[in-house]
Every structure is written in structure tokens, then in C-alpha cells.
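The values are calculated or read from the model by the stated rules, or taken from the named source; none is laboratory data. Predicted, not measured: the structure shown is a model, and the values here were computed from it. For neighbour counting, all protein chains shown are included, and Cβ atoms are generated from backbone atoms with ideal geometry for every residue, glycine included.
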Amino acid sequence: MSDVPATSIDIRPLKRAGLLLIVLGAAEVFCGAYFIWRGIGYSSGFNIFAIIAGVFIYRGSPRWAKGAAWYTAFFAGAIPVALLCTIWWIPGSLVAAVWSFEPFAAIVFCCWTLILFGLTFGVQLALTTGRATEAYPRKPPRPFWRSPLGWIGAALYLIAMLLVAGFYDRYSDRAVAEARDIAGPDYRYFAHRITWFGGDESHIRAGVLAYRDDEFRIVDVSWTEKE
């Protein structure tokens with residue numbers, strides 16, 4: 001399939017989608033740099049590749065547009081599951097403590113999350129609905145709710161969260177108990193990072209958030225268990 005659209009095809013919908021994708025990539029690069037600077041964990045999904053794809057799509061490439069539609073369908077399917085899992089996983093007292101202790105960082109994170117999700121859905125719909133479907137020489141990609149990739153994204157994220165939940169359920173109580181022995185009983189605790197190293201013995205390391213209204217700290221703990 002040629003990467004150059006026919007002159008009879010209106011590529012203006014692709015131009016709009018390309019601009020959205022460029023904005024999405026630029027926003028993620030900026031916010032990723034901010035989170036790294038603040039020492040906050042961050043996992044990138046688009047970054048510079050979104051900018052590159054956006055440039056090609058803006059120029060009217062149906063091949064890049066179809067690839068971006070497939071890629072964003074995967075993420076768009078996972079986003080609703082991610083939101084539900086986050087609401088279920090994160091205790092409300094921790095959310096309140098973060099808002100109280102780091103309101104600016106909390107606002108930045110919430111705004112970035114809304115921007116990321118909104119742009120992801122925007123790009124996906126811009127590439128798979130309306131007049132954009134006429135810009136593909138062959139069968140256009142499906143919107144995420146009709147695409148197998150959207151359902152695969154949702155299923156894989158759910159499976160991953162269930163596996164993580166089972167792992168955390170095994171070790172989180174011990175991690176919190178170890179952290180409480182170090183920091184004392186005046187905090188509420190949440191085990192946010194647990195790593196396991198196997199062998200003849202299991203070596204577990206965890207980062208536990210100890211928080212209250214006027215303080216927020218990370219307590220690193222470790223212990224060994226016999227197999």
C-alpha cells in the first residue's frame with residue numbers, strides 16, 4: 001500500500017489527528033521530565049514516538065494513521081480498567097494526605113492524567129470515526145470499542161492488576177508491620193512498591209508510604225523468608 005494519499009482523498013481529518021498526536025507526545029515528554037525531576041515514578045507510553053507519528057499523519061500518511069489507530073485502541077481499552085483499578089487499589093486516606101501535603105503535585109498529576117486520557121481518546125476517535133475513515137485506501141481501522149486490540153488492552157491490564165494484587169496481598173501486611181516497627185504507630189501505611197528475589201530463600205524489599213496530615217515519608221524495609 002502506498003504511503004502517499006491519493007489527491008482525491010481529503011486528508012484534513014488526518015491533519016487534525018496528527019496535531020493531537022503531536023500535542024500528546026509533547027505533553028508526555030514535558031510531564032515525564034517533571035515527574036522524574038520530582039523523583040516520582042513514571043512509565044511512558046507515547047513520548048517522542050507520538051510526535052514522530054503525528055508528523056507523518058499530519059502529512060497525510062494512511063499507513064502511520066492506521067498504526068497509530070491500532071496503538072491508541074490498545075491504550076483506550078485499558079484506560080477504563082486502569083481508572084477502576086486505581087479507585088479500588090488506592091485508599092482514600094492516602095489521596096487526602098497527598099492533596100493536603102503536596103497539593104501542587106497532586107493537581108499536576110490529576111491534570112496530566114485527564115490530558116493524557118482525553119488526548120488518547122481524541123486521537124483514537126479522530127483516526128477511526130467520521131470523515132477520517134475516508135482517508136484510508138483500504139478498510140479503515142475500527143474504534144477501540146469495536147477493535148480486538150481495545151479489548152486485548154483491557155483484558156491484559158486487568159490480568160496484570162489481578163496478578164499484582166495477589167502478590168501484594170501476600171507481602172503487604174508484613175511490609176506494613178516492618179515499616180510500623182521503624183516509624184511508629186502514629187502513621188497510616190500503604191505498601192506501594194514490593195520486589196522479590198528468589199532462590200533458596202526469598203528476599204523481599206518494599207517501599208512503604210507512611211503518611212499523616214502533616215507528614216509524608218517513604219520507609220524502606222526488607223526481610224528474608226525460607227522457601
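Some observations on this one:
- Residue count for the stretch 36-63, restricted to those that are of a type in the set (Phe, Trp, Tyr) and modelled with pLDDT of 85 or more: 3
- Scanning the stretch 102-137 for residues that are modelled with pLDDT of 85 or more and on the phi > 0 side of the Ramachandran plot yields nothing.
- Residues within the stretch 122-147 that are surrounded by 17 or more Cβ atoms within 10 Å (Cβ to Cβ) and outside any loop (DSSP other than H, G, I, E, B), tallied: 10
- Residues satisfying the stated conditions in the stretch 194-224, i.e. surrounded by 13 or more Cβ atoms within 10 Å (Cβ to Cβ) and either in contact (Cβ under 8 Å) with a residue 40 or more places away in the chain or in the same structural domain as Pro91 (by TED's automatic domain parsing) (or both): Leu209, Tyr211, Arg212, Phe216, Val219, Val221, Trp223
- Leading residue by the ranking (farthest from Ala96 (Cα to Cα)) among those in the stretch 177-227 that are of a type in the set (D, E, K, R) and assigned to a loop (DSSP other than H, G, I, E, B): Asp200
Per-residue answers, yes or no, for (1) assigned by TED's automatic domain parsing to the domain that holds Trp70; (2) without any contact (Cβ under 8 Å) to a residue 12 or more places away in the chain; (3) of a type in the set (A, V, I, L, M):
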position	(1), (2), (3)
Trp112	yes, no, no
Leu116	yes, no, yes
Thr120	yes, no, no
Leu125	yes, no, yes
Gly130	yes, no, no
Ala135	yes, no, yes
Arg138	yes, no, no
Pro141	yes, no, no
Ala154	no, no, yes
